[in-house]
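Enquirer: Next up is a structure, given as structure tokens.
The values are calculated or read from the model by the stated rules, or taken from the named source; none is laboratory data. Bear in mind that the values here come from a model prediction, so they are computed numbers and not experimental data. Please note: Cβ atoms are built from the backbone with ideal geometry, for glycine as well, and neighbour counts cover all protein chains shown. For accessibility, only protein heavy atoms count, side chains too; no ligands or nucleic acids. Shrake-Rupley method; radii C 1.70, N 1.55, O 1.52, S 1.80 Å.
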There are 2 protein chains.
Amino acid sequence: MPIDVYDPAALEPGTLRIIPIGGLGEIGRNMTSFEIDGKILIVDCGVLFPEEHQPGVDLILPDFGPIRDRLDDILGVVLTHGHEDHIGAVPYLLRLRQDIPLIGSGLTLAFIEAKLKEHKITPYTLQVKEGQKERLGPFNLEFVAVNHSIPDALAVAIKTAGGTVLHTGDFKMDQLPLDRRLTDLREFARLGTEGVDLFLVDSTNADVPGFTPTERSIGPVLDDVIARAPRRVIVASFSSHVHRVQQVLDAAHANGRRVALLGRSMVRNMTIAADLGYLTVPDGVLVDFKKAGNIPDDKIVYMSTGSQGEPMAVLSRMVNQDHQVEVGHGDTVILASSLIPGNENAVYRIIDGLTKLGAAVVHKGNAKVHVSGHAAAGELTYCYNILKPKNVLPVHGEYRHLVANAKLAVETGVPEANVLLAEDGTVIDLRDGVARKVGQLDIGYVYVDGSTVGEITEADLKDRRTLAEEGFISIIIVVDAQTGKVIVGPEIHAKGFAEDDSVFDAVRPRIVAALAEAAENGVRDPFALQQIVRRTVGRWVNTAFRRRPMIVPLVIEA
Amino acid sequence: MPIDVYDPAALEPGTLRIIPIGGLGEIGRNMTSFEIDGKILIVDCGVLFPEEHQPGVDLILPDFGPIRDRLDDILGVVLTHGHEDHIGAVPYLLRLRQDIPLIGSGLTLAFIEAKLKEHKITPYTLQVKEGQKERLGPFNLEFVAVNHSIPDALAVAIKTAGGTVLHTGDFKMDQLPLDRRLTDLREFARLGTEGVDLFLVDSTNADVPGFTPTERSIGPVLDDVIARAPRRVIVASFSSHVHRVQQVLDAAHANGRRVALLGRSMVRNMTIAADLGYLTVPDGVLVDFKKAGNIPDDKIVYMSTGSQGEPMAVLSRMVNQDHQVEVGHGDTVILASSLIPGNENAVYRIIDGLTKLGAAVVHKGNAKVHVSGHAAAGELTYCYNILKPKNVLPVHGEYRHLVANAKLAVETGVPEANVLLAEDGTVIDLRDGVARKVGQLDIGYVYVDGSTVGEITEADLKDRRTLAEEGFISIIIVVDAQTGKVIVGPEIHAKGFAEDDSVFDAVRPRIVAALAEAAENGVRDPFALQQIVRRTVGRWVNTAFRRRPMIVPLVIEA
């Protein structure tokens, strides 16, 4: 029962409609819309990072299609935490309507405000914390502390006439978190006792058996590596991972070393985190990068970005010897980070490059210097058993993760019929404890490239892939508008095709012959002539080189 | 002391010169040259598969530069085993001199002969087996059995006046191999007692702690998965992994199922392996694919290619529902294979696609259905301790693997000065038990694209990456050869640039103005005018869109 046109009138009063706009079938661009009685609440508004088959794309946004005509009905956007895949698309949403209120914890709002400042937007914000309740029109919100790889993450319970929803955001269940701020299972228990009709739950690690180790387990490893390091230590991690940086600061301090932060986002985020009290900087441990060169090599730790092999980040620039910190023999580099699928080759190039420069490289492949930020299967089973939700909607994950999470829900006793496997744009209605899929909206990818938003189409990306694989050959011919006679050309040029231009001498006579034949047959339309040129060159290049470059013919009348 | 020109006269009689031509600093295109007294022996001649920053490239060959002018001095090519990264470049070498003898085991030669047949080459071959000794001019060869993820792999000891070398090829030390053919450590011990001056040793898994589990451990897992599978089972693996296929045949047979082989290379290789007795096909278990449709779903196993997400292989076609086997609910797919770095996204797309079609997907992430073919660190320490080589040259691996292997050599007692870290093209001379790096040759990448070999340059790949990231804008202007006046244009076309052509209305007047100014200044050279057009359009597009497409200006005189 697809609903091709999203008709708000079709939604009965008292029914809660849930539309996952992004984040289902992908890791990123998380965004969910909740609607009841004509009002809309959004949870999260993140970006997705492109894969190798989307060349040149900077970011992928959620498709705002389902809410684009309903902007005035949006009462607010709840941001569960400050990661890009949950807040990164907010600037693009606020471009559509700047005064949509943003609701989130102190750190989350500080991160989004810093980002919006770059876009020259000052948002309306409502700061909340765990235990707090807020009413937004028909939505009664309750915020619950959850633990994740960034401090101050929140789950949100949404109580409406249509039923109660609990949305975890991203979370894990570290029982010994650095900041002692646990995922609040007592609150989960209370909400479950009151009755949770629909549970939206993070699926990222649902196919990972067992339990994610505590963040605290990394500390001794960092301490040990730093203690043994004969010279400089460079640690790379995500620039929002406050607790990871905290552990680096503590380990450096314990070993009598000072720490210089490297990378714009690292400096910005840690400054915010320290100002707001989320990061505790041991007295005198931080040193400005500009002064770090004066500190002996065995007394300094650099805390840097670039752990995913990003070409412009600090670590890549060190490998290319294009950074003031010249990595050399005796230096130790710690990649205290995950390895995001698709980045493997880039990260291995970094590891090889650093090794070649003489550094010892410590990474999750050879030491326990990273733990995930997401609940593994074992944690999720605790969660289901404590909450006992009526219905479950696995969110945040590729399809295999959603299926794995659904399986856990069923294994812990949620009836199979009550576990919804949905994708971006699936329309789900909740009423009287029953959650039903009632339709499917078309959801596309919205590509950001440079300052362009949403202009790049799948056809453009196909062109780009063809250009990447094969290059192109352009053929320009100027014909006399009166006589149809060739005045100039065929001029043939190629890029990325990798042959000497002299190879085209072989095809020029064929083009001339094909055009002559066309002229005899009375073909004069430039477009038709272009097709003839395209076919002639395409056949030749395929036979002669077994290749299929893009053929770009241009016949101009003069 | 680089030797830019490879001067054979510079090599003193009685000195053995070793040049790793490929495989150091990369996983693939393994090839090593050994020279003494004017004669050359090659060990292996493989291909490397391209990474994502080498778009459109089909294969990468070793750079034959160091031996190109010495073809007549080559006495033979020893092929240690039948994997593509060790034999794949043989057809390209034999194109240079067709009668170079190929030396290898029965299965290895059968695989390379099948490949050469496609290239219409019948090679000169010398079949050898473990324990056999052969003399080729100044080279006395002894072949030693090693265990790997393909049967019939050999290490080769090369005894010369300059010293004795042992080259492992690829190997591991499975102590319970399916075919009971162990890596022959007794022979390693004997050779070591006689004295091995230089040990060339596989580094692929040197940074993996511990021991690679036995191939045998996969059998019970396959058996269990197949026994529980309610409907069809599809197993994907490498098409040369005879023992993996053997275990699938056995598990299918034990569960009363028949097996259909899918994929051209799978059928070809397993036919060879069965004919030569390397694969034991249980009576009546194999069924032709065309007849497999008549067999009940719970009585069939499909053994297929495509475990790395290759777009044209069987498994990808199943996901795209472009294959006669229509995967659906209840089917079980087993990826009994490694996950080669760089293929992660493609493989995860396969897993998601199959999951979406309703299949249960079993892979190394959730079950023990794969073991590596390479010796891990623990195995390598055994090897060093049994062999006690004088000098060590880690081969087969990215730089980090070579460094990890070097470290193991040192830890087991090889003096640090005797462990050589080399790269492709490093020239190493061996004499009187001393191995020294004496030079470094320039070694490049030789790209195969379609039927083109070695034409693609790094500049072409850079063009392709630019085209992929940004697309291109072409501007064609025809000027009167006499007056310099613009007759046609600017005609502007773009591909992969992702904007409506109407955006170019904004830049046309700027181009016209720039050309008018150039005309005033007396600029008439088409090349100079093209540069002016390039700059004008480049600046505009960068300012207006923050993008940097390739600008392809063409000014033609008519």
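Enquirer: To one decimal in nm, how far is A:Ala10 from the same spot in the other copies, if labels go 7 Å from Cα toward Cβ? Please give the shortest first.
Expert: Those separations, rounded to one decimal, come out as 7.7 nm.
Enquirer: Checking the table A:Lys368/B:Lys437; B:Lys299/B:Lys368; A:Lys172/A:Lys368; B:Lys115/B:Lys495; B:Lys120/B:Lys159; B:Lys129/B:Lys172 against a 27 Å threshold on Cα-Cα, which pairs fail? Display every interim value, and only then the final one.
Expert: On the way: A:Lys368/B:Lys437 37 Å; B:Lys299/B:Lys368 23 Å; A:Lys172/A:Lys368 18 Å; B:Lys115/B:Lys495 39 Å; B:Lys120/B:Lys159 34 Å; B:Lys129/B:Lys172 18 Å.
Among A:Lys368/B:Lys437; B:Lys299/B:Lys368; A:Lys172/A:Lys368; B:Lys115/B:Lys495; B:Lys120/B:Lys159; B:Lys129/B:Lys172, the Cα-Cα distance tops 27 Å for A:Lys368/B:Lys437; B:Lys115/B:Lys495; B:Lys120/B:Lys159.
Enquirer: Using the beta-carbon distance between B:Val281 and A:Asn542 and R0 = 35 Å, what value does 1/(1 + (r/R0)^6) give for FRET efficiency, to the nearest 0.05?
Expert: Once the sixth-power term is evaluated, E becomes 0.30.
Enquirer: For label points placed 7 Å from Cα toward Cβ, what is the shortest-first list of nm distances from A:Asp297 to its copies?
Expert: Copy-to-copy label distances at A:Asp297, shortest first: 6.5 nm.
Enquirer: Something else now. For B:Asn385, put the label point 7 Å out on the Cα→Cβ axis and report which residues of the stretch B:134-163 keep their amide N under 20 Å from it.
Expert: B:147
Enquirer: Could you pull out the trypsin sites (Lys or Arg not before Pro) across the stretch B:464-513 that fall in loop regions by DSSP (anything but H, G, I, E, B) with no more than 16 other Cβ atoms inside 10 Å? The partial results should precede the final answer.
Expert: Details: sites: B:Arg464, B:Arg465, B:Lys485, B:Lys495, B:Arg510; in loops: B:Lys485.
Those satisfying the criteria are B:Lys485.
Enquirer: So which residues in the stretch A:462-478 end up with at least 40 square angstrom less accessible surface once the other protein chains are there, compared with the chain by itself, probe 1.4 angstrom?
Expert: Buried-area filter returns A:Arg464, A:Leu467, A:Ala468, A:Glu469, A:Phe472, A:Ile476.
Enquirer: Now, a different point. Please report the spacing between the Cα centers of the stretch A:82-149 and the stretch A:315-394 in Å, no decimals.
Expert: The stretch A:82-149 and the stretch A:315-394 have Cα centres spaced 27 Å from each other.
Enquirer: Now, a different point. Over the whole of B:497-505, what's the average partner chain Cβ count within 10 Å per residue? Rounded to a whole number, please.
Expert: 3
Enquirer: Under 20 Å from a point 7 Å along the Cα-to-Cβ line of A:Val438: which residues of the stretch A:177-203 have their amide N that close?
Expert: Within reach of a label on A:Val438, which here means backbone N under 20 Å from a point 7 Å along Cα→Cβ, the stretch A:177-203 contributes A:197-200.
Enquirer: Turning to a different aspect of this structure: May I have the extent of the alpha carbons of the stretch A:458-557 along their three principal axes, as whole Å values ordered from largest to smallest?
Expert: The principal-axis extents, from largest down, are 39, 31, 19 Å.
Enquirer: Here's something else I'd like to know. Tell me, what HN-Hα J-couplings in whole Hz come from the Karplus equation 6.51 cos²θ - 1.76 cosθ + 1.60 at θ = phi - 60° for each residue of the stretch A:148-159, using x for Gly and Pro?
Expert: 8, 7, 8, x, 6, 7, 10, 8, 10, 8, 10, 9
Enquirer: Run the label-point distances for A:Asp322 please: 7 Å along Cα to Cβ, every other copy, nanometres, shortest first.
Expert: Relative to the other copies, A:Asp322 has label-point distances of 3.7 nm.
Enquirer: Be a star and scan the stretch B:125-163 for residues whose amide nitrogen sits under 15 Å from the point 7 Å along the Cα-to-Cβ vector of B:Arg186.
Expert: Those under the cut-off are B:130-132, B:144-146.
Enquirer: Based on DSSP, what percent of beta bridges with both residues in chain A are antiparallel, to the nearest 5?
Expert: Numbers: 50 of 95 bridges.
Restricted to chain A, the bridges split so that about 55 percent are antiparallel.
Enquirer: On to the next question. Calculate the dipole size of the protein assembly as shown relative to its Cα centre from +1 charges on Lys and Arg beta carbons and -1 charges on Asp and Glu beta carbons; express the result in debye to the nearest 20.
Expert: Around 1060 debye, computed over the protein assembly as shown.
Enquirer: Ratio of Rg to Rh for the stretch A:47-203, alpha carbon only, Kirkwood?
Expert: 0.97
Enquirer: Quick one: with all protein chains in place, what share of the accessible area of the protein assembly as shown is carbon or sulfur, to the nearest percent (1.4 Å probe)?
Expert: The nonpolar share, carbon plus sulfur, comes to 50 percent.
Enquirer: Over the whole of B:346-358, what's the average partner chain Cβ count within 10 Å per residue? Rounded to a whole number, please. Before the final figure, lay out the partial values.
Expert: Numbers: counts 4, 1, 8, 4, 0, 4, 9, 2, 2, 9, 7, 0, 1.
What the average comes to for B:346-358 is 4.
Enquirer: Could you calculate the FRET efficiency of B:Asp297 with A:Asp480 from 1/(1 + (r/R0)^6), where r is the beta carbon distance between them and R0 is 56 Å, rounded to 0.05?
Expert: Efficiency for this residue pair is about 0.25.
Enquirer: Round to the nearest 0.05 the FRET efficiency obtained for B:Glu113 and A:His493 when R0 = 51 Å and r is the Cβ-Cβ distance.
Expert: Calculated value: 0.75.
Enquirer: Compute from the Cα atoms of the stretch B:326-411 the Rg and the Dmax, the latter being the longest Cα-Cα distance, and quote both in angstrom.
Expert: Over the stretch B:326-411's Cα set, Rg and Dmax evaluate to 19.0, 59 Å.
Enquirer: Still on this model: What's the buried accessible area, both sides, between A and B using a 1.4 Å probe, rounded to 100 Å²?
Expert: 5000
Enquirer: Rounded to the nearest whole Å³, what is the per residue volume of the convex hull around the Cα atoms of the stretch B:215-363?
Expert: Hull volume normalised by residue count: 100 Å³.
Enquirer: Continuing with the same structure: So what are the radius of gyration and Dmax for the Cα set of the protein assembly as shown, in Å?
Expert: 32.2, 95
Enquirer: Determine ³J(HN,Hα), in whole Hz, for all residues of the stretch B:547-558 in sequence, where each value follows from phi through the Karplus function 6.51 cos²θ - 1.76 cosθ + 1.60 and θ = phi - 60°; x replaces Gly and Pro.
Expert: Ordered by residue, 3J(HN,Hα) equals 9, 9, x, 5, 9, 10, x, 9, 10, 10, 8, 10 Hz.
Enquirer: Hey, another quick one. Under a point spin-label approximation (7 Å from Cα along Cα-to-Cβ), what is the B:Lys120-B:Ser265 distance to one decimal in nm?
Expert: Output for this residue pair reads 2.4 nm.
Enquirer: Put a dot 7 Å past each Cα toward the Cβ at B:His329 and B:Val410; how far apart are the dots in nm?
Expert: 6.0
Enquirer: Okay, next question. Please work out the Kirkwood hydrodynamic radius for chain A, using every pair of different C-alpha atoms, and report it in angstroms with one decimal place.
Expert: Kirkwood hydrodynamic radius for chain A: 26.5 Å.
Enquirer: Okay, moving on. Determine ³J(HN,Hα), in whole Hz, for all residues of the stretch A:410-427 in sequence, where each value follows from phi through the Karplus function 6.51 cos²θ - 1.76 cosθ + 1.60 and θ = phi - 60°; x replaces Gly and Pro.
Expert: Running phi through 6.51 cos²θ - 1.76 cosθ + 1.60 with θ = phi - 60° gives 5, 4, 8, x, 6, x, 3, 5, 9, 9, 9, 9, 10, 10, 3, x, 5, 9 Hz.
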